[in-house]
Amino acid sequence: MPEFDLLAKIREKAKARKKTIVLPESHDERVLKAAEILTNENIALVILLGNESKIRQDAEKINVNLQGVRIIDPEKSDKLSDFTNIFFNMRKQKGKEIPIEKAREIIKQDIFFGAMMVKESLADGSVSGSVATTADVLRASIQCVGLEEGISIVSSFFLMVFPDKVISFADCAVNPNPNSEQLADIAISTAENHKKLTGEDAYVAMLSFSTKGSAEHELVDKVRTATKIAQEKRPDLNIDGELQFDAAIIDSIGKKKAPQSKVAGRANVLVFPDLNAGNIGYKIAQRLGNAEAVGPVSQGLSRPFFDLSRGCSVDDIVNTASIAVLMS
């Protein structure tokens, strides 16, 4: 499944869902161009946040037509007061009370206002980070949108697109050293999202430098424990470990090293034990294996709230918004 075929299929599937995506960073011309494409191709209903007259002036300067795009100014919105009170109470309930005036100033920020729109079901997802840092985007997502029920951690995955297959890699961008419980939740989240985006049943390999007891070490123990937790939480999913990379993806080696495994030799989801392994692994696949890396895609939140690279292209924003539609 070539990269362009996968993304084309994702966009086509998104068109049928009629979902609303909020793009907070309307002061970035890439966002304006992406809003035009998403609207013209009927991929999503788009909401831009910011001063309407300035947004329209900026769009006109770069020949972008925003017809059909909804624009909301957080500072003038009739939802500002409601969002402020909701956010204030959420912080209070978590024992992190802030003055109501500070809550209002926070919610007036485009990313936080977009997060509250997603939380309150006024949008199905948000895509930002072309300007804001990952830390800012994650802060808004965790404080406003919150974690998915039963999931303990926000994580990420890449769709690594090879000429003949798509493999999801996790977590390659967010968590430096997840513990066993967190690693199990990363596996579960990635399995579900791999199926949503590719249509394939997920076969999840919990990667290690050991396969089924070939080595003993506390790092192997972490992966074994994570595998057991994930299997107990979601016995309906195909998750197995600990597996070495070759045993996970090469059929003959999988049969030899882990003959009883339903995953060995056929894995299409690879869960790395830490960020060192994950980040190095996806870059090797990308640079030496010529795989196309689509992502990172955020996961683990109760609703889609995605972080872009600040070096993203217009197409990256469009593709990420399309993925958000399918994951909503």
Flag if ASP58 is more than 27 Å from ASP316 (Cβ to Cβ), charged (D, E, K, R) and in contact with a helix residue (DSSP H, G or I) (Cβ under 9 Å, 6 or more places away or on another chain): no
Among residues of the range 286-311, those that are over 15 Å from the mean Cα position of the chain (by Cα) and crowded, with 20+ Cβ neighbours inside 10 Å, counted: 1
Helices (runs of 4 or more DSSP H) completely within the range 232-328 that count 2 or more residues being of a type in the set (Ser, Thr, Tyr): 314-327
Lone qualifier among GLY265, GLY281 - being surrounded by fewer than 24 Cβ atoms within 10 Å (Cβ to Cβ), of a type in the set (Gly, Ala, Ser) and on the phi > 0 side of the Ramachandran plot: GLY265
Those helices (runs of 4 or more DSSP H) lying entirely in the range 27-118 with at least 2 residues surrounded by fewer than 19 Cβ atoms within 10 Å (Cβ to Cβ) and among the polar types (S, T, N, Q): 29-40, 52-61, 80-93
Residue pairs meeting the criteria (Cβ under 8 Å; at least 6 apart or on separate chains; first under 13 Å from ASN85 (Cβ atoms), in the range 95-113; second hydrophobic (A, V, I, L, M, F, W, C) and not in a helix (DSSP H, G or I)): ILE106/ILE98
Some residue of the range 223-230 being in a loop (DSSP other than H, G, I, E, B) and surrounded by fewer than 24 Cβ atoms within 10 Å (Cβ to Cβ): no
Inter-residue pairs, beta-carbon under 7 Å, first over 24 Å from VAL118 (Cβ atoms) and in the range 44-73, second in a loop (DSSP other than H, G, I, E, B), 6+ apart: ARG56/LEU66
Which numbered condition ALA215 misses (of (1) among the small types (Gly, Ala, Ser); (2) outside any loop (DSSP other than H, G, I, E, B); (3) without any contact (Cβ under 8 Å) to a residue 12 or more places away in the chain): (2)
Any chance ILE37 is touching a residue at least 60 places away in the same chain (Cβ under 8 Å) and of a type in the set (Val, Ile, Thr): yes
Selection within the range 265-277 - touching a Ser or Thr at 6+ places or on another chain (Cβ under 9 Å) and under 16 Å from ALA191 (Cβ atoms): ASN268, VAL269, LEU270, VAL271
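Quick note: the coordinates plus some simple rules give every number you see, no bench work behind them. Nothing here was measured: the structure is a model prediction, and the numbers come from that model. Cβ atoms come from the backbone with ideal geometry, glycine included; neighbour counts cover every protein chain shown.
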